[in-house]
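These notes concern the structure reproduced below.
The values are calculated or read from the model by the stated rules, or taken from the named source; none is laboratory data. Please read all numbers here as calculations on a predicted model, not as lab measurements. Glycine also receives a Cβ, built like all others from the backbone with ideal geometry; neighbour counts cover every protein chain displayed.
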């Protein structure tokens, strides 16, 4: 299906578009009432950005006058405390929103550009409301304005608690010793990449299986925490001869295992990548043995097999459900497995995504032995992906859910053990050992605090991790620690703390700070609680929302009978621009109050594509409308629609299959019939004139497409 939306729309005439818009407005309506918001719980007003020189009320008032209005306007759909997303930085109560933003380190008043609320827009392209760069700049200006307001009120931008007497020695990552990653399942490995080289243009396969499937690197950056970052146009590609070993072990008839696993620790650069953008692939252009890809918030699994309807491209895809938003712009453990009993399965962060492979399993004997293993793009740089690889592994075994979970818990990357000296408090050679990894570009992960000393029965209360002399309260999971050791070498907690990265892994220095360590104590001053306002009469949220792009497209395809494998945005390069523009033009959230006319125009364009595909295909058309001797698809428009019976043949099928029929808030069947009947009567008048299409049988079909699109783009499809 070659797509030229502008040409098609003009050929149908302006009256068709006006009728589509009219029918769209009339075909459904919503109830915008909602229940009352619950009053928020009481919170401690502490955290980075809270000026110790100002009262809690001044901190909240300055927040409410600067950053809070933007959070409420653009982030409330997911972050208002209603349960969908956390933290509740857009809570109806500014006190609660302020607390959530500060205790989760989303705003850095000392270094505003590093604020997470800014980076999520400008760097991750996360739910922008217009242009991501402009939106990030607007949020940055609001954060800077808040800092200025605090300073004008006599406060300080000191974001934490100063390191004072009761603390450990100060150490950096360089002072630690590197630990080996333990607990990984490594049997039946075919290729393994841990990216520890740190330099050069080769990432070595360290599985120990010969010949090694080494990767040639093109335009990538090495990471200090072990890994590579794929730049725009970059890739990591294995040779064809070396890659053949994967075919021989997995798919070669008679000797291949007929099952496999692809495991990767990855961090997508953003969540607007389309394509699907290739993360890991064993392919040659559009011919794929297997591919792990990303499509916005979803992961995509294409795998060639002898299962019914599976093409050489590995499609139809198994894709994670769009509403789950499994793909995120952060470090994630992604695993694809294939076996002859369950077919394709996807796991994210150790958990099965519950997406079912409708195509089922089959032998892998159709694999092409001449394909190449590649990371970051297809052959020739097609379908590029941007992001970070921390580890990639390929097995000739389908890992069980238990093994997937085991590898997830084993973690990834450079792990350093640091011994913090506390001998001045607990005696000679006393230390607290911590395991530290670079969690992502913005933070470190501190785990397994273990007290090594000659004595037992030592109380350790409120352990905090200071970075460069400042202790941010965000992410400090050990603040609740209140433990009396039972042995001389006792692990104090099984939790982990996330600590913000400031100067980077080379220059950042860490200190452990305590409220109590043995017989010594340094009591932290408790913050003053502020009673939140009564919010029981907050503005109600609508109970009906607008579907997003993927849900609208899925609904349209299902209603007209177009196979998911034939979605225009998957297989038609000409449609990429239209579909991407449509996806970006829809509201950032599901709030129906933000829906405007430009959104409806975009949906109308998409509906025309699906109706065009269905009406032009005789088989799909007959499945949808049936066969009636009264109506002729090859008649002139003046004859095709010259009786109510002929028009009803088209109208009745559209209404029956595209409207639920049991909603009290939608127009009656009679009103819909009247609108569509007037449309079919009027459209033939738009042919034969100067500058108009010819009055021939093709215009009869175009008129039906217009009526189809009028209902397919209506609120019956777009609202939920």
Checked the stretch 372-400 for anything closer than 30 Å to residue 255 by Cβ and part of a loop (DSSP other than H, G, I, E, B); matches are 378, 396, 397, 398, 399, 400
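Looking at the stretch 196-212, which of the residues that are under 29 Å from the mean Cα position of the chain (by Cα) and modelled with pLDDT under 95 is surrounded by the fewest Cβ atoms within 10 Å (Cβ to Cβ)?
Step one: of the stretch 196-212, the residues under 29 Å from the mean Cα position of the chain (by Cα) are 196, 198, 203.
If we keep only those that are modelled with pLDDT under 95 too, we end up with 196, 198.
Numbers: 196: 15, 198: 12.
That would be 198.
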Does the stretch 686-706 hold any residues that are without any contact (Cβ under 8 Å) to a residue 60 or more places away in the chain and assigned to a helix (DSSP H, G or I), and which are they?
698
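Which strands (runs of 3 or more DSSP E) sit wholly inside the stretch 172-257 and have at least 2 residues that are out of contact with any helix residue (DSSP H, G or I) (no Cβ under 6 Å at 6 or more places or on another chain) and free of Cβ contacts under 8 Å to residues at least 24 places away in the same chain?
Values: elements: 177-179, 189-193, 215-222, 228-238.
Result: 215-222.
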Looking at (1) within 30 Å of residue 182 (Cα to Cα); (2) out of contact with any strand residue (DSSP E or B) (no Cβ under 8 Å at 6 or more places or on another chain); (3) in a loop (DSSP other than H, G, I, E, B), which is the only condition residue 403 fails?
(3)
Selected residue [over 30 Å from residue 412 (Cα atoms) and buried (at least 18 other Cβ atoms within 10 Å of the Cβ)] from 383, 359
359
What are the pairs with Cβ atoms under 6 angstrom where one residue, in the stretch 284-305, is surrounded by fewer than 23 Cβ atoms within 10 Å (Cβ to Cβ) and the other, located anywhere, is not in a loop (DSSP other than H, G, I, E, B)? Sequence gap at least six, or different chains.
284/379; 285/379
Could you check residue 474 against (1) surrounded by fewer than 21 Cβ atoms within 10 Å (Cβ to Cβ); (2) part of a loop (DSSP other than H, G, I, E, B); (3) on the phi < 0 side of the Ramachandran plot and say which number it fails?
(1)
Taking the criterion of being under 41 Å from the mean Cα position of the chain (by Cα), closer than 30 Å to residue 543 by Cα, assigned by TED's automatic domain parsing to the domain that holds residue 603 and in a helix (DSSP H, G or I), would at least one residue in the stretch 624-633 satisfy it?
no
For the stretch 322-332, check the following and say yes or no: at least one residue is under 11 Å from the mean Cα position of the chain (by Cα) and modelled with pLDDT of 95 or more.
no
Exactly one of these conditions fails for residue 634: (1) touching a residue at least 60 places away in the same chain (Cβ under 8 Å); (2) surrounded by 15 or more Cβ atoms within 10 Å (Cβ to Cβ). Give me its number.
(2)
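Can you tell me how many residues in the stretch 483-504 are modelled with pLDDT under 90 and farther than 19 Å from residue 108 by Cα?
First, the residues of the stretch 483-504 that are modelled with pLDDT under 90: 483-491, 493-504.
Then keep just the ones that are farther than 19 Å from residue 108 by Cα; that gives 483-491, 493-496.
Of the residues in the stretch 483-504, 13 are modelled with pLDDT under 90 and farther than 19 Å from residue 108 by Cα.
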When you check residue 644 against the structure, is it surrounded by fewer than 22 Cβ atoms within 10 Å (Cβ to Cβ) and out of contact with any helix residue (DSSP H, G or I) (no Cβ under 7 Å at 6 or more places or on another chain), yes or no?
yes
Of (1) within 35 Å of the chain's Cα centre (by Cα); (2) under 14 Å from residue 710 (Cα atoms), residue 666 satisfies all except one. Which?
(2)
Counting only residues that are in contact with a helix residue (DSSP H, G or I) (Cβ under 9 Å, 6 or more places away or on another chain), within 30 Å of residue 477 (Cβ to Cβ), modelled with pLDDT of 80 or more and crowded, with 18+ Cβ neighbours inside 10 Å, how many does the stretch 516-570 have?
2
